[in-house]
Amino acid sequence: MKLYYSPSACSLSPHIVANELGLPIELVKVDVVAKRTEHGEDFLAINPKGLVPVLQLDDGALLTEGPALVQYLADLKPDAQLAPANGSMARYRLQEMLGYINSELHQGYMPLFNPACSEEVRSDRMAHLAKRYAVVDAALGRTPFLLGDRFTVTDAYLFVVTRWAEFVKLDLSAFPNLLAFQARIAARPAVQAAMRREQPANA
């Protein structure tokens, strides 16, 4: 399989999941501004959305959108239990959380990466994110991971998105459970390996 990614982007989430599962994966770096791959390919010809991540399967089929990718990968090795069985209430809870992270956190950050973002929009987005993180922090006060006592694909996604707080200077000190969670996930070997591979020290 081949994963089209950009360093520090949400594509780190499926990369982490692949590592947790021990799945071999070829990485292709994408310049998401120029829409070119590291090999000079037109990325828009690969994904007309112009966004990472994209997972190219062994049969050549392409899959996009991070929440879909991480579930696909988890289902390749169901015994690892990174996602509950399809059709179960636990699986719907996982999809519920992926949807929350995607719509309320991930998209909440997007305007803040725009250099032209006004102070009014910035203030609004910061307040939006703080309210949404309060919900997450409360959940993480009850269990070490979002869905209980086991690491799942939702934890990889939350970890990656929450790393963006540092880039946009969002203060998370009011959320001790979230900060402890970030430290726990960062210490996982699969996470460390993914971050090293995407951003080597000499890059």
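Please treat every number below as a calculation from the coordinates, not as lab data. Just so it is clear, the model here is predicted, and its values are computed rather than measured. Here Cβ is always computed from backbone atoms with ideal geometry, including for glycine, and neighbour counts include all displayed protein chains.
For region 102-132, residues that are under 19 Å from Pro67 (Cα atoms) and touching a residue at least 24 places away in the same chain (Cβ under 8 Å) total 7.
The residues of region 135-151 that are assigned to a helix (DSSP H, G or I) and exposed (fewer than 13 other Cβ atoms within 10 Å of the Cβ), listed by number, are Val135, Ala138.
Within region 106-114, can one find any residue that is under 19 Å from Arg93 (Cβ atoms), under 19 Å from the mean Cα position of the chain (by Cα) and assigned to a loop (DSSP other than H, G, I, E, B)? No; the residues of region 106-114 include none that is under 19 Å from Arg93 (Cβ atoms), under 19 Å from the mean Cα position of the chain (by Cα) and assigned to a loop (DSSP other than H, G, I, E, B).
Taking region 85-101 as the range and being in contact (Cβ under 8 Å) with a residue 24 or more places away in the chain and of a type outside the set (Phe, Trp, Tyr) as the test, the residues that pass are Ala90, Arg93, Leu94, Gln95, Met97, Leu98, Gly99, Ile101.
Are any residues in region 6-16 surrounded by 24 or more Cβ atoms within 10 Å (Cβ to Cβ), under 18 Å from Gln107 (Cα atoms) and touching an Asp or Glu at 6+ places or on another chain (Cβ under 8 Å), and if so, which ones? Leu12, the sole residue that qualifies.
Across region 27-67, which residue is surrounded by the most Cβ atoms within 10 Å (Cβ to Cβ) among those that are in a helix (DSSP H, G or I) and in contact with a helix residue (DSSP H, G or I) (Cβ under 9 Å, 6 or more places away or on another chain)? Among those residues, the one meeting the criterion is Gly66. Scanning region 70-81 for residues that are free of Cβ contacts under 8 Å to residues at least 60 places away in the same chain and either closer than 18 Å to Leu27 by Cα or β-branched (Val, Ile, Thr) (or both) returns a single hit, Tyr72. The criterion of at least 3 residues that are buried (at least 17 other Cβ atoms within 10 Å of the Cβ) is met, among helices (runs of 4 or more DSSP H) falling completely within region 152-203, by 153-162, 176-186, 189-198. Counting the residues of region 146-202 that are acidic (Asp, Glu) and within 15 Å of the chain's Cα centre (by Cα) gives 2.
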